[in-house]
Amino acid sequence: MAGVRAGARATLARAITLVESRRPEHRALARQLLTRLMPYTGGARRIGVTGVPGVGKSTFITRFGLQLIEAGYTLAVLAVDPSSDISHGSILGDKTRMARLSQDPRAFIRPSPSGGALGGVARRTREAMLLCEAAGFDVILVETVGVGQSEILVSEMTDFFLVLMLPGAGDELQGIKRGLLERADLIAVNKADMAPDRAASSARDYANALHFSRPPFEDWTPQVLTCSGQTGAGLMDIWAQIEAHRAAVQGSGRFEGQRRAQLRGWMWAEIEEGLKARFLAAPGVTAALPNIERQLGAGSLSPSEAADVLLGAFASELG
């Protein structure tokens, strides 16, 4: 605990490895550690960053992070990489893609494989975020792989949700998920240095889309900005929006509600994982599973029937 509180990066890395472990004895230790550190959490700005592959998230985060450090902040980046189906390890290796930032002692970068977790976020992103807060980091960026349900999950565990887009809305705008626009606190059209006119045009299109898609909040109206992760242009304007958002939601009282919702979401995620683990470990389920899978593969049992049989075996053991 002392090493984490002191901000020792090696100790923090080991603590995150501990909370990510699936071993029962490690899970017990991780729970104890988190309980002791909880009083020291909650002070950081929790920012989710998402965008389609190729939008330049890593370049953006590197330049954005360096500018924040120069402004006097400390930064932790939880970069969630897609996982290999073979080794279950990270494929992209965000730490190597953010080399300049990772070398600064005021920054901490933790690439974690998604491990097959829903939405392209690591299983223990919430716990890792709290450990970074307890270590004293001012800003925590959670970068997603930008697939599936990642936008929803990350927006639910952070205070500010930043969506990066590419210049040239056009056909891309037609395919944007409505749910993504509903959750964005800010849209930033990245790589504006490559096509300034297209970026400005896209920003106008995204702003119009936000106007019709985002449910109104009295305390915040999402904006659309242009920026360049390559040159750094516009990045501190984004930070100004993040700070303005924080002041607005704290002033209205919505901030406290968001934090309570984050804790509830964490609790239910733990319940779901715990129930699944107990289900798979139940003797009646493990005994019936091979035969059920054979029938399923042979086509003599539908998936819904197979699930009902296994759930029934589990329920009977619960009495």
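The values are calculated or read from the model by the stated rules, or taken from the named source; none is laboratory data. This is a predicted model, so every value here is computed, not measured. Neighbour counts run over all protein chains shown; Cβ positions are idealised from the backbone, glycine included. For the accessible areas, the whole protein counts, side chains as well, though only heavy atoms, and no ligand, DNA or RNA atoms are used. Shrake-Rupley method; radii C 1.70, N 1.55, O 1.52, S 1.80 Å.
Using label points projected 7 Å from each Cα along Cα→Cβ, tell me how many nm separate R100 and R246, to one decimal.
For the pair R100/R246, the computed spacing is 2.4 nm.
Accessible area of V52, 1.4 Å probe, to the nearest 10 Å²?
60
I need the peptides 190-203, 125-138 ranked by packing, meaning the mean over residues of other C-beta atoms within 10 angstrom, with the highest value on top.
125-138, 190-203
Magnitude of the Cβ-charge dipole of segment 171-319, K/R +1 and D/E -1, about the Cα centre, nearest 20 debye? Don't skip to the answer; put the middle values down first.
Working: 15 positive and 19 negative charges, 26 e Å.
Result for segment 171-319 is approximately 120 debye, rounded to the nearest 20.
Label-point separation (nm) for A195 and A298, each offset 7 Å from Cα along Cα-to-Cβ?
Those two pseudo-labels are separated by 5.7 nm.
Could you order peptides 225-234, 280-289 by the average number of other Cβ atoms within 10 Å of their residues, highest first?
Result, highest mean first: 225-234, 280-289.
Relative to the present Cα-Cα distance, how much length would full extension add between M236 and R9 at 0.36 nm per residue of separation? Intermediate results must be reported in sequence, preceding the final value.
Values: separation 227, 0.36 × 227 = 81.72 nm, distance 2.64 nm.
Extra length from M236 to R9 when fully extended: 79.1 nm.
I need the shape label for segment 169-319. Rule: rounded when a/c is under 1.5, else prolate if a/b > b/c, else oblate, with a, b, c from the alpha carbon gyration tensor.
Prolate shape, in that a/c is at least 1.5 and a/b is the bigger ratio.
In nm, to one decimal, how far is the D219 label point from the L29 one, both placed 7 Å along Cα→Cβ?
If labels sit at D219 and L29, their model points lie 4.0 nm apart.
Please list 156-164, 298-306 highest first by mean number of surrounding beta-carbon atoms within 10 Å per residue. Could you put the intermediate results ahead of the total?
Numbers: 156-164: 22.9, 298-306: 10.9.
The peptides rank, most packed first, as 156-164, 298-306.
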